[in-house]
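A quick write-up on the structure given underneath.
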C-alpha cells in the first residue's frame, strides 16, 4: 500500500493572499530556516509547524500559593510558565542595585570635581 503524501497547509493573509513557505533574497542563498547558522530561525517551518509557547510570569506568594496558581494557569490552557521563585526578593535586589549605581555615579562625579 502506497503512503499518501500529505499536502502542506496553505497559509494566506487576512486578505486571502497566499504566503510562501520561505522568502529568499536570492535563489543562491545558503541560509535556510532550521539549519546552521540559524540566521533564519531554529525551526525549518518557523512558527507554522510549531507555535511559540505563550508564557506568563508567576511566582508571587509562598510555595502553596504559587503551586495553586501554576495549576490554575495550566488547567486554563497556559502552554508555558516562567517561574520566578522569590520574585519579590528579585525585584528588591534590582532596586538596590539601581540605587547603588546612582550613588556610585554621584560619588565619582564628586571626586572628579
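For the pair residue 72 and residue 100, a Förster radius of 35 Å applied to the C-beta separation gives a FRET efficiency near 0.40, rounded to the nearest 0.05. Across every direction, the projection of the convex hull enclosing the Cα atoms of segment 63-112 has a mean area of 4.6 nm².
We did not get these values from a lab; they are worked out from the coordinates using the rules stated. Worth saying up front: this structure is predicted, and the values here are computed from it rather than measured. Please note: Cβ atoms are built from the backbone with ideal geometry, for glycine as well, and neighbour counts cover all protein chains shown.
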